[in-house]
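The values are calculated or read from the model by the stated rules, or taken from the named source; none is laboratory data. Bear in mind that the values here come from a model prediction, so they are computed numbers and not experimental data. Note that we place each Cβ from the backbone using ideal geometry, even for glycine, and neighbour counts take in every protein chain shown. Protein only, heavy atoms only, side chains kept; ligands, DNA and RNA dropped before computing areas. Shrake-Rupley method; radii C 1.70, N 1.55, O 1.52, S 1.80 Å.
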Amino acid sequence: MTVGGDRLDYGYLLEPNTSGDIYVRFPGANVIAVGDVASPTRDPELDYFTGAWIGGRAVAMDRLLALCDDRTRIVPGFGPVMTKAELKVERDVMKTIYD
């Protein structure tokens, strides 16, 4: 998809925080907006009634990590912009809790 001459990609993330989580990726700027799937300042409340769960959050973060390189800026729903390394740390915590 193109918006204002800039390409953007988006995708659905299954069950990480709610039943309707998406990401929006701006490849030209190397930025991904991830909403509440990731949060460097606090863990988002998982909406268990719509199917969200810790394992779904870990899987969603794996998908986001695959879209990043070391220079990607990750924009969470709350808190400061994150790096790929910071997202990986948060993902590792979720995976450990899930396991």
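General observations
- Residue match in region 16-23 (condition: charged (D, E, K, R) and open to solvent by 50 Å² or more (accessible area, probe 1.4 Å)): no
- Cβ-Cβ under 7 Å pairs, at least 6 apart or on other chains, region 77-92 side basic (Lys, Arg), far side loosely packed, with under 12 Cβ neighbours inside 10 Å: 84/69; 84/70
- Meets criteria (open to solvent by less than 60 Å² (accessible area, probe 1.4 Å), at pLDDT 90 or above, on the phi < 0 side of the Ramachandran plot and in contact with a strand residue (DSSP E or B) (Cβ under 9 Å, 6 or more places away or on another chain)) for residue 64: yes
- Residue under evaluation residue 31, criteria (1) crowded, with 20+ Cβ neighbours inside 10 Å; (2) under 20 Å from residue 1 (Cβ atoms), criterion not met: (1)
- Only one entry in 73, 42, 57 is surrounded by 12 or more Cβ atoms within 10 Å (Cβ to Cβ), closer than 21 Å to residue 99 by Cα, in contact (Cβ under 8 Å) with a residue 12 or more places away in the chain and among the basic types (Lys, Arg), namely 57.
- Scanning region 74-99 for residues that are in contact with a strand residue (DSSP E or B) (Cβ under 9 Å, 6 or more places away or on another chain) and either part of a helix (DSSP H, G or I) or modelled with pLDDT of 90 or more (or both) gives 74, 75, 76, 81, 82, 83, 84, 86, 87, 90.
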